[in-house]
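Worksheet: the structure to be examined is printed underneath.
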Amino acid sequence: MLVHANAQSFTERVQKKVDGKGTVTIHQSEEIDQLVNDPSATGVSQQPQKPNDSKKQAEPSKDNKHASSTNVAVSATNSDKEVEETEPSAENSRKATQKITGYRVQAFAGGNSRKDRQTAEQIRNNIKAQIPNVSVYVHFYSPRWICRVGNFRTYEEAHQMMVRLQNMGYKQASIVKGKITVPY
């Protein structure tokens, strides 16, 4: 094993004194020090990372079970804020869209419980099954879960959808004005 005389461990780099800056002192056992600073202990090289490598590391490898489960946890955390109707496909990601003021039909507004979220997602799935060509959004606008349908430029278009949803059994359906997503 070849070791350079000027090589620094992670701990040494963190504890390095720099004029005009605070200092860091680390107290750890020998086992922890080896795990943190010995590249052979983890199989990770001590080469400095390039800024462009961050995307490569964010993608989990097929062999690494921990990376994929961590990715799932991140996805679950992000889904608490907003859940759209479908996963982005290659076709949808190429289309240029813009946000403008328009109308959506609110099919459901619940509370902030898990049951309300599940209800909103179930309503989304039911609407998508019966009207597959319409966009359906499930959002959490504090303090409630909301399910909204469509991206309508005019009130008349939204009214037609509202009547259709009411005929499907969503009697509380109403028209809301707000930002909608439309193609250029």
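Worth pointing out:
- At full extension, residue 37 and residue 181 could sit 46.9 nm farther apart than now, given 0.36 nm per residue minus the alpha carbon distance.
- Principal semi-axes of the equivalent ellipsoid, √(5λ) from the alpha carbon gyration tensor of region 121-184, are 16, 16, 13 Å from largest down.
Since every read-out is calculated from the coordinates, none of them should be taken as a lab result. All values derive from a computational prediction rather than experimental measurement.
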